[in-house]
1. Looking at 264, 315, 260, which one is more than 30 Å from residue 219 (Cα to Cα), in contact with a helix residue (DSSP H, G or I) (Cβ under 6 Å, 6 or more places away or on another chain) and in contact (Cβ under 8 Å) with a residue 24 or more places away in the chain?
2. Among (1) outside any strand (DSSP E or B); (2) in contact with a helix residue (DSSP H, G or I) (Cβ under 6 Å, 6 or more places away or on another chain); (3) at negative phi, which single condition is residue 622 missing?
3. Residues of the stretch 741-767 being surrounded by fewer than 16 Cβ atoms within 10 Å (Cβ to Cβ) and either without any contact (Cβ under 8 Å) to a residue 60 or more places away in the chain or farther than 15 Å from residue 377 by Cβ (or both), which ones?
4. Is it true that some residue in the stretch 243-257 is free of Cβ contacts under 8 Å to residues at least 40 places away in the same chain and either in the same structural domain as residue 99 (by TED's automatic domain parsing) or farther than 19 Å from residue 524 by Cα (or both)?
5. How many of the residues making up the stretch 663-715 are in a helix (DSSP H, G or I), at pLDDT 95 or above and closer than 16 Å to residue 747 by Cβ?
6. Scan the stretch 371-387 and give yes if some residue there is farther than 22 Å from residue 737 by Cα and either over 29 Å from the mean Cα position of the chain (by Cα) or buried (at least 23 other Cβ atoms within 10 Å of the Cβ) (or both), otherwise no.
């Protein structure tokens, strides 16, 4: 391959490194109304009175809106394929506020100063209600987060607002309880992961205007332009044809921008005033009123024989969706399916779950969505099982891991792993970390212990039978190509990756492919960039479009040369006769024919969806140095080996792996969301919410063991999310090997570790 599997430079690299104005805020014209939100100071309350007269009299204030001014139809802010699994439980502004930070009023003003002044002059009298903050007590609690009759669920996901359930369900194969009772060795544990912030550099932001034709234009830092259009149509009560959503350059998303966190408020202002408006979240707002990872408590039971053969796995997940149901039904499923399916030939398995409402900030999508939490639980339990069996955890996995050709354990359909190099990934990661020499731990004699830990993981490639990827490819009149896509480049380099796929099919250089970013007016429909769908789902659409365009180019050459297309070949620069290469027409001349007397458009649009979601696999191993006195964990080395099929661009794939590893290190060791007894988030800035820096990541060794996925573009699968799934169980394993303490609740902070060591604790350390 000439272009695919090559480490080519990103198409937007120079614009970024030279500081070109490419992000949303760079595009906002002067004179745009500034939108600010008044937010609730209470976790659960009813607005009894709200007085806005003084705020409206502030010079420069254009408008102030309350719950009385907005449409009364409910919607969801989750960016999901229709019909959305997430319940319709939101209003633009609601009289009933359900968490500290829930919007109470919208202010639009000519300047930020005027908007801030107006916010301070709004007077609100609340009826404060008891708040439901403990997600373990939420199901069937007498306190209802959504008591309203207008709440509704479009899909049969087990939602019931009268039970505080956003979703509920499960599946089972075999008699789990009977098999577990018959197992010689069992392990049982409850594993708790807190919510975690995506912490992208660019906060949520949106710019809105009315165009020449009276349509609402919404330019947003979003992963889901087509879903934004539908959500705004539902929220505002206007047809989708009256809304256009083009994507700006995104300064990071990680799933946060799969939720319409900011868009609805300036959209409402602009639609009402017919004036341009913008809303840019502060960092504090992005911390306290966004869409973090779902807090989950995962109960695991695993049974095995003394020979190390795993016979049964039982997983129950309790997920905290917070005040609203965004992504609650769709994230929870992966906590079981992606963790249980790592293991083959189980006699029985069961996965059940409940997703509950509480009066805290609503959760959303975050890289690894659900699989991260479930794999932490199951992989830690497997490491504990190995300890109980007195077996090397590497050997335990080698005996039980899923392999090429296996039927996926906990999938509804009989999906086989037609591409699986997990065994090779695992073997290589052991070599990279020096497992045989370093396991389990070494006392360095200076109060510090060096230890190792490992884990493996899997994810998916898009949502099977749901996600749609599309691409339009056309030959320009100068012989170059235009690739129009509806997926969103969040810094991942997907514009470059998709262009590489097109260039490979069309036998041209990457520079000959121009990319037109997501725009609901000009792009073909695409579900958007989430669920690891872009390379696998949209990439296949690009490959198909390229092959169809090749055929059209041959047909046009056939007309020009007056020869049958079957007797011609296209080599990327010309169409020529197989029997007489002197009879040819250049691509440039074919393109020029489109400008005069032409009846044949050299343009194709192709959509793609897949009935399967082939999983990428990953093995990870870490070496740490733990200070017994302070509890500090220093990551010395992290080895990660990934099977993502064919890496389209190895450099961009490597960056994805490194970024995911660092995020997971932060989630495991530092990032600690804390609420006051009144439901107020204490970690509202990076001063209180610690994310990892370059100093915390140690050395990262990343390699690929390629399989070939026959349903993917040039054998590719996904990589964006699998990369965050192994560090949590691997780090907890290493900490246990150093201290004897198994941390079942994340983060495993240095304070927790130091206190456990000081008190001489061993075994399970919970909340």
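1. Details: 264 fails: more than 30 Å from residue 219 (Cα to Cα); 260 fails: more than 30 Å from residue 219 (Cα to Cα).
Just a single option satisfies the conditions, and that option is 315.
2. With (1) outside any strand (DSSP E or B); (2) in contact with a helix residue (DSSP H, G or I) (Cβ under 6 Å, 6 or more places away or on another chain); (3) at negative phi applied to residue 622, the lone miss is (1).
3. 751, 755, 758, 759, 760, 761, 762, 763
4. no
5. Just the residues of the stretch 663-715 that are in a helix (DSSP H, G or I), to begin with: 663-669, 694-696, 713-715.
Narrowing the set further to residues that are at pLDDT 95 or above leaves 663-669, 713-715.
Filter once more, so that each one left must be closer than 16 Å to residue 747 by Cβ: 663-669.
Here the count works out to 7.
6. Looking only at the stretch 371-387, we keep the residues that are farther than 22 Å from residue 737 by Cα, and these are 371.
Now restrict to residues that are either over 29 Å from the mean Cα position of the chain (by Cα) or buried (at least 23 other Cβ atoms within 10 Å of the Cβ) (or both): 371.
Checked against the condition, which is being farther than 22 Å from residue 737 by Cα and either over 29 Å from the mean Cα position of the chain (by Cα) or buried (at least 23 other Cβ atoms within 10 Å of the Cβ) (or both), the stretch 371-387 yields at least one hit.
A quick yes/no check of all residues on (1) surrounded by 15 or more Cβ atoms within 10 Å (Cβ to Cβ); (2) assigned by TED's automatic domain parsing to the domain that holds residue 363; (3) within 24 Å of residue 258 (Cα to Cα):
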| position | (1), (2), (3) |
| --- | --- |
| 157 | yes, no, yes |
| 163 | yes, no, no |
| 166 | yes, no, yes |
| 172 | no, no, no |
| 180 | yes, no, no |
| 184 | no, no, no |
| 193 | yes, no, yes |
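Residue-by-condition table, conditions (1) over 23 Å from residue 287 (Cβ atoms); (2) outside any loop (DSSP other than H, G, I, E, B):
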residue	(1), (2)
124	no, yes
127	yes, yes
148	yes, no
157	yes, no
167	yes, yes
188	yes, yes
192	no, yes
195	no, no
198	no, no
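The values are calculated or read from the model by the stated rules, or taken from the named source; none is laboratory data. Model, not experiment: these values are computed from the prediction. Glycine gets a Cβ as well: all are built from the backbone with ideal geometry, and neighbour counts include every protein chain shown.
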